[in-house]
Amino acid sequence: MTTTAIPAEAKRAPAAAPKRRPKREREGAAWVFLSPWVLGAIVLTLLPMAVSLYLSFTDYDLFNPPKWVGLRNYVQMFTEDPRYWRSVVTTLTYVVVAVPLQLALALVVAMALKGMKRGKGFYRSAFYAPSLLGASMSIALVWRAIFNDGGTVDHLLGTGGWVNKPGWALLAVALLTVWQFGAPMVIFLAGLQQIPAELYEAAAVDGAGKWRQFVAVTVPMLSPVLFFNLVLQTIQAFQVFTPAFAVSAGKGGPADSTLVYTMYLYDRGFVASHMGYASAMAWVLLLVIGVVTAVLFRTSRSWVFYASEGDR
């Protein structure tokens, strides 16, 4: 009788599964990698916010120790400072004018780029460039020269310099923001490219024209992207500073027509050295932006369509 030799490898015991590292050790490694971000968030964001909140209840002029005054800064802000309310009205006007115009222009250009066969990459980069350059002080100063007396707009329209007219200066600031439509345009373009062509074909079969296709197909399918851009641009518009500062030469004129909220905050904190008052203004702005954002999210339920949900 013959016997079959069993290979040596088969006689070996199965290899033991590698031991998992203890949970505490794994969490420790995670915190090591997260520590730079956590440290930065604490030192550069949370700690300054806490200090700012404390200073908002004090009288602090940058040179002497803060003096606790309770709610006096807030009471003065709401009841005794007419320039504060002018800055609020100016900022709200700017937001209402600049944000819709910017989003409308961005959507129009995105739809035009979507239909292009050649040169789409070049034009997309060209239209995006103002978003990279427009926030700089140098571009804002050039913009002031364009809309100043004897500038390009004066020569073309014969209306005089806009920056010296209370009724037109804020519009010049808003147009600088509208010109920086590149970022929302790229986002709109990405959203348009995700809309299935079959929806347009079905709408065309039903006899829908271009406008009806835009209203019934493009807008609902693009509504999440539109909502995203609306929230981002609204938050940024409330914090506008550089265009207004450059166009008005740092004065908010003429007649406080370009005195936006952040510019008045800068004036109170760093020009008048009322840092406690400026801190209170900053916290009010934070709360207002939070409320406006919450309202946008709340109302979005009635007009933002998500394809995964199947309803509006």
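If you take the residues in the range 62-77 that are touching a helix residue (DSSP H, G or I) at 6+ places or on another chain (Cβ under 8 Å) and surrounded by fewer than 16 Cβ atoms within 10 Å (Cβ to Cβ), which one is nearest to TYR266 (Cα to Cα)? Restricting to residues being touching a helix residue (DSSP H, G or I) at 6+ places or on another chain (Cβ under 8 Å) and surrounded by fewer than 16 Cβ atoms within 10 Å (Cβ to Cβ), the top hit is LEU62. Applying the set (1) open to solvent by 60 Å² or more (accessible area, probe 1.4 Å); (2) free of Cβ contacts under 8 Å to residues at least 24 places away in the same chain to PRO166 leaves exactly one unmet item: (2).
Within the option set LEU189, LEU132, being of a type outside the set (Asp, Glu), at pLDDT below 85 and under 20 Å from GLN233 (Cα atoms) holds for one residue only, LEU132. Listed conditions (1) open to solvent by less than 20 Å² (accessible area, probe 1.4 Å); (2) assigned to a helix (DSSP H, G or I) are all met by ARG124, apart from (1). If you filter the range 186-206 down to residues that are under 13 Å from MET111 (Cα atoms) and open to solvent by less than 70 Å² (accessible area, probe 1.4 Å), you find that the one that is farthest from the chain's Cα centre (by Cα) is ILE195. In the range 131-144, of all residues being of a type in the set (A, V, I, L, M, F, W, C) and in contact with a Ser or Thr (Cβ under 8 Å, 6 or more places away or on another chain), the one that is surrounded by the fewest Cβ atoms within 10 Å (Cβ to Cβ) corresponds to MET137.
The values are calculated or read from the model by the stated rules, or taken from the named source; none is laboratory data. None of these values were measured; they are calculated from a predicted model. Glycine gets a Cβ as well: all are built from the backbone with ideal geometry, and neighbour counts include every protein chain shown. With ligands, DNA and RNA removed, areas are computed over all heavy atoms of the protein, side chains included. Shrake-Rupley method; radii C 1.70, N 1.55, O 1.52, S 1.80 Å.
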